[in-house]
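Structure first, commentary second.
The values are calculated or read from the model by the stated rules, or taken from the named source; none is laboratory data. Given the structure is predicted, the values throughout are model-derived calculations rather than measurements. Note that each Cβ is placed from the backbone with ideal geometry, even for glycine, and that neighbours are counted across all protein chains shown.
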Amino acid sequence: MPIKFALIKERKNPPDRRVVFSPNRCKKVLEEFNEVQLKVENSDIRFFKDEKYVEAGIEVTNDVSNCDVFLGVKEVPIDALIPNKKYFFFSHTIKKQPYNRELLKAILQKKIEFYDHEVIVKENGARLIGFGRYAGLVGAYNGFRALGLRDKIFSLPKVETLHDLKEVKLELDKITLPQNLKIILSGTGKVAKGAKEILDHLKINEVSDTVYLTSVFSEPVYCLIDVMEYNRRKDGKAGNKGEFYEDPTGYESNFMPYARVSDFFIAGHFYGNDAPFLFTREDAKRPGFKISLVADISCDVDGPVASTLRASTIADPFYGYDPQTEKEVAYNAKGAIAVMAVDNLPCELPKDASEGFGRMFFNQVIPAFFNKDQDGILDRARMTTHDGKLTERFSYLQEYVDSED
């Protein structure tokens, strides 16, 4: 019996132009999986126009209610959820985010079998799909855009005005960076790798942390640091990643040596619960704190990067943080740390982001529907069951669901 998939319209505001599958990817799904039927819900905001799907031989319709599996990107508004279906989208609930508690409650009440893109992972917990690379690419570009505008040394256009990644890189080819610019990049996952791709495209030299911390340069350089560089054990003993990820409470931040010598910080790390903050508001007040520009791609508000007071927007991506008053100011105010903290960066590059995401979803997830989920992909990502209960893996969310706070 065929499985009917639907690409649903994105209904969250601000509008998101991404989609799980491009028209070409839809064609490949149908060509490779005979058991699939596929419909596309009409959308006037999607990067790929409805007619492109029609040209690819895909049915486009206003009514997808007879489908079995609904594929979206961002949170689906509660009133748009159809009971007793299967849904895939980013719910932003696995960290018990208060603003989406009602959404998870509704998913359970409507007896929806829900799969969160964020927890489509390997057995070891490594993510299999996501938009991380594109967040890193756009976030790093936006950081350089802020630098050029603040210091009045060059002017980069907004990514959303460019067609694709190729055009983004062509714009970067036109700029000249300050000769002594020192950039610190945190993380080693897809986000950090996307940011690194921009740094490497600009031909900025990468140096080791030892050289970075002890040398003066006459050219732009960057240093990539992982959790064991910007954290250390409180007792002074040697630490290791596995121990840190298991229980980070025995660690403290070791970020200040980098903050004393860096101009520009690109935050591409993943921040886990109970991990030390990279730098606090008190750290930012210290006379030796040198960072004056932060591109916080991770965007944990009021968290490990003290200057991130709030998420910014694609329309208005920059603001300033005054370390002395701990207040928001203009991004180009004297003494301020300029902050870029857009929390939906891949939306600015919808074509490339959708094509990349669709390739991963096609390779990793669709086969699981037809091979009895032999690798446990669906089982690990299933947050709720068809009878309105949390799965065992996500039972820790029960208190969050039950809470009225």
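Beta carbons closer than 9 Å, at least 6 apart along the sequence or on distinct chains, pair a first residue in region 206-234 that is under 16 Å from L177 (Cβ atoms) with a second that is of a type in the set (S, T, Y) and assigned to a helix (DSSP H, G or I) for V221/Y212; Y222/Y212; C223/Y212; C223/Y258. Scanning region 237-259 turns up at least one residue that is surrounded by fewer than 18 Cβ atoms within 10 Å (Cβ to Cβ) and in contact (Cβ under 8 Å) with a residue 40 or more places away in the chain. With respect to the conditions (1) in a loop (DSSP other than H, G, I, E, B); (2) touching a Pro at 6+ places or on another chain (Cβ under 6 Å), Y134 lacks only one, and its number is (1). Among the residues of region 209-220, is there at least one that is of a type in the set (A, V, I, L, M), touching a Lys or Arg at 6+ places or on another chain (Cβ under 9 Å) and either more than 15 Å from V294 (Cβ to Cβ) or outside the structural domain of N142 (by TED's automatic domain parsing) (or both)? Scanning region 209-220, I find at least one residue that is of a type in the set (A, V, I, L, M), touching a Lys or Arg at 6+ places or on another chain (Cβ under 9 Å) and either more than 15 Å from V294 (Cβ to Cβ) or outside the structural domain of N142 (by TED's automatic domain parsing) (or both), so the answer is yes.
One line per residue, one yes/no per condition, for (1) surrounded by fewer than 17 Cβ atoms within 10 Å (Cβ to Cβ); (2) part of a helix (DSSP H, G or I); (3) hydrophobic (A, V, I, L, M, F, W, C):
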{"site": "K96", "(1), (2), (3)": "yes, no, no"}
{"site": "R101", "(1), (2), (3)": "no, yes, no"}
{"site": "K105", "(1), (2), (3)": "yes, yes, no"}
{"site": "K111", "(1), (2), (3)": "yes, no, no"}
{"site": "N124", "(1), (2), (3)": "yes, no, no"}
{"site": "R145", "(1), (2), (3)": "no, yes, no"}
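In the set (1) surrounded by fewer than 18 Cβ atoms within 10 Å (Cβ to Cβ); (2) touching a Pro at 6+ places or on another chain (Cβ under 7 Å), the condition left unmet by D79 is number (2).
Note on region 2-57: residues that are in contact with a strand residue (DSSP E or B) (Cβ under 9 Å, 6 or more places away or on another chain), of a type in the set (G, A, S) and without any contact (Cβ under 8 Å) to a residue 40 or more places away in the chain total 1.
Checking region 48-62 against the condition returns a match, with at least one residue being under 21 Å from I129 (Cα atoms) and within 24 Å of the chain's Cα centre (by Cα).
Restricted to region 309-335, and to residues there that are within 25 Å of V191 (Cβ to Cβ) and touching a Gly at 6+ places or on another chain (Cβ under 7 Å), the residue that is surrounded by the fewest Cβ atoms within 10 Å (Cβ to Cβ) is E328.
Out of K290, K241, K237, K285, which single residue is modelled with pLDDT of 95 or more and either over 23 Å from F144 (Cα atoms) or not assigned by TED's automatic domain parsing to the domain that holds R150 (or both)? Going through K290, K241, K237, K285 in turn, the sole match is K285. A56 falls short on exactly one of the conditions (1) under 28 Å from M383 (Cβ atoms); (2) surrounded by 13 or more Cβ atoms within 10 Å (Cβ to Cβ), and that condition is (1).
Of all residues in region 147-187, those that are on the phi < 0 side of the Ramachandran plot and either part of a loop (DSSP other than H, G, I, E, B) or touching a strand residue (DSSP E or B) at 6+ places or on another chain (Cβ under 8 Å) (or both) total 26.
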